[in-house]
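To start, the structure itself, in structure tokens.
The values are calculated or read from the model by the stated rules, or taken from the named source; none is laboratory data. Worth saying up front: this structure is predicted, and the values here are computed from it rather than measured. When we count neighbours, we look across all protein chains shown, and the Cβ atoms used for this are built from the backbone with ideal geometry, even at glycine. All accessible areas refer to the heavy atoms of the entire protein, side chains included, with ligands and DNA or RNA removed. Shrake-Rupley method; radii C 1.70, N 1.55, O 1.52, S 1.80 Å.
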Amino acid sequence: MVVVRDRERTLGEILATRGDFVGAGTAVDWQEAMRRAIRRGDQLLRRLGLAGSGDGEVGGLTAAERDFPTFVPLEFLGRMRPGDPDDPLLLQVVPRAIETEPQPGFVGDPVGDTAARISPGLLQKYEGRALVIATGVCGVHCRYCFRRQYDYHDTFSESTSANGSHSSPGGTIDEAAMVRRLRQDRSIDEVILSGGDPLTLGDPRLDRLLAAIESVPHVRRLRVHSRMPIVIPQRVTESLIQRLQVSRLATWMVVHCNHAQEIDAAVTTALARMVDAGIPVLNQAVLLAGVNDSAAALESLCRELVDRRVQPYYLHQLDRISGAAHFEVPVSRGLELIEQLRGRLPGYAVPVYVSEVAGAASKLPN
Ligand SMILES: *Cc1c(COP(=O)(O)O)cnc(C)c1O
Ligand code: SF4
């Protein structure tokens with residue numbers, strides 16, 4: 001009976017009542033949370049009581065991890081259900097042997113990022129918006145990520161890997177080169193900080209980057225694309241909020257949450273801090289098989305978001321990156337799901353279901 005009850009609770013809840021879990025979101029600062037994150041798939045499974053589950057995947061972990069290392073903060077682990085190999089959070093981050101099997105149509109650069117590079121660390125695909133690859137480091141490694149094979153080595157001069165990923169060096173963009181390029185193109189009025197995850201940069205580095213962007217007179221808006229408020233919510237510090245608030249740029253935050261179970265009390269606090277500070281917060285999610293490909297899962301995600309004053313922005317069709325084929329949901333199914341959401345949710349709570357097509361002038365509605 002105890003086992004059955006425990007399966008309905010997350011690891012964080014169980015350990016918190018036992019008193020042996022060091023702070024999900026409270027006890028350590030975000031940099032310490034990065035340092036103590038789990039970096040091995042077998043350790044991740046063991047922490048959830050799944051080691052030796054005999055599903056035949058364990059032998060394959062090493063090969064998948066060689067391409068893209070495991071990186072899971074304890075704050076995120078704490079929201080998973082122990083003993084459940086199908087947990088929707090676990091599935092997003094656990095390396096699997098199937099990733100190493102080539103699948104036709106799944107390639108290294110499906111979204112044409114290489115072609116969109118206008119200067120080192122700066123991409124422009126769409127009118128008026130330039131996207132800065134602020135760093136290759138992330139606060140979690142999502143197995144479906146379209147940047148898992150992005151060549152960050154060309155982007156950065158330094159390479160002080162903070163989370164041990166060869167595809168995620170810790171160096172950051174050369175601001176002087178970025179500013180020169182931004183100044184040349186007066187049509188760019190919005191700069192998107194992306195990566196990797198720009199909020200894995202420390203405050204001093206982030207401050208310099210923002211100051212550089214603010215120095216370009218025709219840039220009016222800053223958009224921050226980050227999964228940190230979800231995976232390591234203590235990143236949303238008062239000093240971060242203050243820095244964004246003093247900016248002359250209109251600042252929008254786009255977080256990345258795929259399942260309602262990712263939202264716990266600490267995430268709720270982080271989101272509230274941003275919204276209370278007058279920063280509009282949007283969410284983008286990726287439609288992922290086994291994670292959120294049901295009307296119930298998507299409805300619950302959207303409801304939990306709007307309850308927290310976060311607007312569902314995009315539901316992305318999976319980019320066909322090699323290693324991620326097992327996450328793909330057919331577009332026809334995605335369209336059905338969106339139709340069902342329309343019948344259940346207020347209009348503003350239904351995200352736009354989009355695909356990214358290399359060479360297109362915008363993300364395309366499906
Ligand atoms: C997704 C993306 C954007 C932003 O697109 P919006 O539709 O404005 O959210 C900008 N630049 C690049 C390179 C992108 O991939
Ligand atoms: S946080 Fe974003 S960029 Fe980083 S691995 Fe996950 S999806 Fe990719």
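A compact table of results
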item	result
Per-region count, segment 214-256, residues away from ligand 1 (no atom under 16 Å from the Cβ) and not hydroxyl-bearing (Ser, Thr, Tyr)	22
Only one of 81, 117 that is away from ligand 2 (no atom under 16 Å from the Cβ) and surrounded by fewer than 20 Cβ atoms within 10 Å (Cβ to Cβ)	117
Number of positions in segment 280-311 that are within 16 Å of ligand 1 (Cβ to nearest atom) and open to solvent by less than 10 Å² (accessible area, probe 1.4 Å)	5
Where residue 155 falls short, out of the listed (1) at pLDDT below 50; (2) away from ligand 2 (no atom under 16 Å from the Cβ); (3) under 20 Å from residue 115 (Cα atoms)	(2)
Odd one out for residue 182, checked against (1) farther than 28 Å from residue 35 by Cα; (2) at pLDDT below 95; (3) crowded, with 22+ Cβ neighbours inside 10 Å	(2)
Residue match in segment 291-310 (condition: within 16 Å of ligand 2 (Cβ to nearest atom), farther than 23 Å from residue 100 by Cα and in contact with a Phe, Trp or Tyr (Cβ under 9 Å, 6 or more places away or on another chain))	no
Condition met for residue 323 (within 16 Å of ligand 1 (Cβ to nearest atom) and in contact (Cβ under 8 Å) with a residue 40 or more places away in the chain)	no
Residue within segment 88-97 that is in contact with a helix residue (DSSP H, G or I) (Cβ under 9 Å, 6 or more places away or on another chain), modelled with pLDDT under 95 and either more than 29 Å from residue 236 (Cα to Cα) or among the hydrophobic types (A, V, I, L, M, F, W, C) (or both) present	yes
Residues that are basic (Lys, Arg) and surrounded by fewer than 18 Cβ atoms within 10 Å (Cβ to Cβ), drawn from segment 195-233	205, 208, 220, 221
Residues being surrounded by fewer than 21 Cβ atoms within 10 Å (Cβ to Cβ) and under 30 Å from residue 109 (Cβ atoms) - total across segment 338-351	1
Evaluation of residue 149 against (1) at pLDDT 90 or above; (2) within 13 Å of ligand 2 (Cβ to nearest atom); (3) in contact with a strand residue (DSSP E or B) (Cβ under 7 Å, 6 or more places away or on another chain); (4) closer than 28 Å to residue 38 by Cβ (one fails), failing number	(1)
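Matching residues to (1) surrounded by fewer than 17 Cβ atoms within 10 Å (Cβ to Cβ); (2) modelled with pLDDT under 75:
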{"position": "10", "(1), (2)": "no, no"}
{"position": "22", "(1), (2)": "yes, yes"}
{"position": "29", "(1), (2)": "yes, no"}
{"position": "37", "(1), (2)": "no, no"}
{"position": "47", "(1), (2)": "no, no"}
{"position": "54", "(1), (2)": "yes, yes"}
{"position": "63", "(1), (2)": "yes, no"}
{"position": "76", "(1), (2)": "no, no"}
